[in-house]
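These notes are about the structure you will find just below.
We did not get these values from a lab; they are worked out from the coordinates using the rules stated. Nothing here was measured: the structure is a model prediction, and the numbers come from that model. Note that we place each Cβ from the backbone using ideal geometry, even for glycine, and neighbour counts take in every protein chain shown.
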Amino acid sequence: MLAYVDDIIVTGNIPTFIKSLFTNLNSEFSLKDLGNLHYFLGIEVRPQPNGALFLTQSKYIRDLLGKTKMDETNPISSPMVGGCKLSKLGYEPFPDPTLYTSIVGALQYATDTGPEISFSINKVCPYMSDPSEQHWAAVKRILRYLASTINFGLKFLPPSTGPPFTEHAYCDADWASDPDNRRSTSGAAIFSRSNLVSWRSKKQPVVERSSTEAEYRSLVLATAGLGNFCLNYTFLITLQSSFVTI
């Protein structure tokens, strides 16, 4: 059961238990059963004929484009210019920091079904307190990219009934890409079978002395993330729970 304030998702493989749970909850609280899951906290859930789930945030992105008056913007094929290095210095201040903070915060939520923008969002987040025109231009490019990929999302294929349980991860790192503090950025993606279940793009906590050192630190972080996922997944299997990611 996944609960967020007064919105609840219940999933499982025993219908009688789910019905009993609803009955018991309804005896204490006023509930409304909305049926099969289609929309939750801005995420659209589209069941597929083969049992897969397709998750997208099309409506959420349309609303975000409307908020920034970019409904009719020209779409673009990439969320960031290659080799782009944002800095705190040397550019005119952006006149509306509150708008910048609001939009970047909203874009962070869009990474729930758009892992490919995680790196770009990571690059514009550090400047929320003092954004410049250069930073805002980078944000607008991300929005233009989302306009061209508004129907993209994540597909989760149904798991097989038994082993092998194959989990694997990919990772990468740039080196000293931040011109202000020379710190590197790590990226990782963790898959369970063919399903992408976890991803991250995060600045490394220390300054690395070489690209090799940055790569190794990224590898360590990805391995730790994969290990944590495997432990949690093993625990779920032990409990004979169904595995659903939202």
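Nearest 500 deg cm²/dmol is fine: what mean residue ellipticity at 222 nm does the chain get from its DSSP H runs of n ≥ 4 alone, each adding -39,500 (n - 2.57), divided by its residue count?
On the way: 6 runs with 89 residues, N = 246.
Rounded to the nearest 500, the figure is -12000 deg cm²/dmol.
Highest first, please rank the peptides 187-194, 91-98, 198-205, 118-125 by the mean number of other Cβ atoms sitting within 10 Å of their residues. If you can, show how the numbers build up before the last one.
Working: 187-194: 18.2, 91-98: 12.5, 198-205: 16.6, 118-125: 20.6.
The most tightly packed comes first, giving 118-125, 187-194, 198-205, 91-98.
Among Thr223, Thr56, Thr16, which one moves the most in a GNM of the chain with springs linking Cα atoms closer than 10 Å?
In this elastic network of the chain, the residue with the biggest mean-square fluctuation among Thr223, Thr56, Thr16 is Thr16.
Based on the alpha carbons, how large is the Rg to Rh ratio for the chain when Rh follows Kirkwood?
Details: Rg = 20.8 Å, Rh = 20.6 Å.
Value, to two decimals: 1.01.
Hey, which of these cross-link pairs are over 19 Å Cα-Cα: Lys59/Lys85; Lys88/Lys123; Lys85/Lys140; Lys19/Lys155; Lys85/Lys202? Intermediate results must be reported in sequence, preceding the final value.
Details: Lys59/Lys85 31 Å; Lys88/Lys123 12 Å; Lys85/Lys140 16 Å; Lys19/Lys155 28 Å; Lys85/Lys202 15 Å.
Listed pairs above 19 Å: Lys59/Lys85; Lys19/Lys155.
Which loop GluC sites (Glu not before Pro) in the range 44-130, with loop taken from DSSP, have no more than 12 other Cβ atoms within 10 angstrom of their Cβ? Display every interim value, and only then the final one.
Numbers: sites: Glu44, Glu72, Glu116; in loops: Glu72.
Of the GluC sites (Glu not before Pro), the ones in loops of the range 44-130 whose Cβ has at most 12 other Cβ atoms within 10 Å are Glu72.
How big is the charge dipole of the chain about its Cα centre, in debye rounded to the nearest 20, if each Lys and Arg gets +1 on its Cβ and each Asp and Glu gets -1 on its Cβ? Before the final figure, lay out each step's value.
Values: 22 positive and 22 negative charges, 54 e Å.
My answer is approximately 260 debye.
Taking θ = phi - 60°, what integer Hz values does the Karplus form 6.51 cos²θ - 1.76 cosθ + 1.60 yield along the range 212-226, in sequence order, with x for Gly and Pro?
4, 5, 5, 5, 5, 5, 4, 4, 4, 5, 5, 5, 5, x, 5
Below 15 angstrom from the Cβ of Asp71, what's the summed charge of the other residues (Lys, Arg +1; Asp, Glu -1)? Please report the intermediate quantities before stating the final value.
Working: positive: Lys59, Arg62, Lys67, Lys69, Lys140, Arg144; negative: Asp63, Glu72.
Here the count lands on +4.
Would you work out the charge dipole size for the range 37-128 about its Cα centre, treating the Cβ of every Lys and Arg as +1 and the Cβ of every Asp and Glu as -1, and quote it to the nearest 20 debye? Can you show the working numbers first?
Details: 8 positive and 8 negative charges, 27 e Å.
Here the range 37-128 has a charge dipole of around 140 debye.
Give the aspartates and glutamates reachable from Lys69 as a straight Cα distance under 19 Å; neighbours fewer than 8 places away on the same chain don't count.
Cross-link targets: Asp96, Glu133.
Considering amide H positions built from the backbone, and no H for Pro or chain starts, which residues 5 or more places from Arg193, or on another chain, come under 5 Å of its amide H?
Residues meeting the criterion, in which the H sits 1.01 Å from N, are Thr166, Glu167, His168.
Over the alpha carbons of the range 56-153, what is the largest minus smallest coordinate on each principal axis, giving the biggest first in Å?
Each principal axis gives a Cα extent; for the range 56-153 these are 37, 27, 23 Å.
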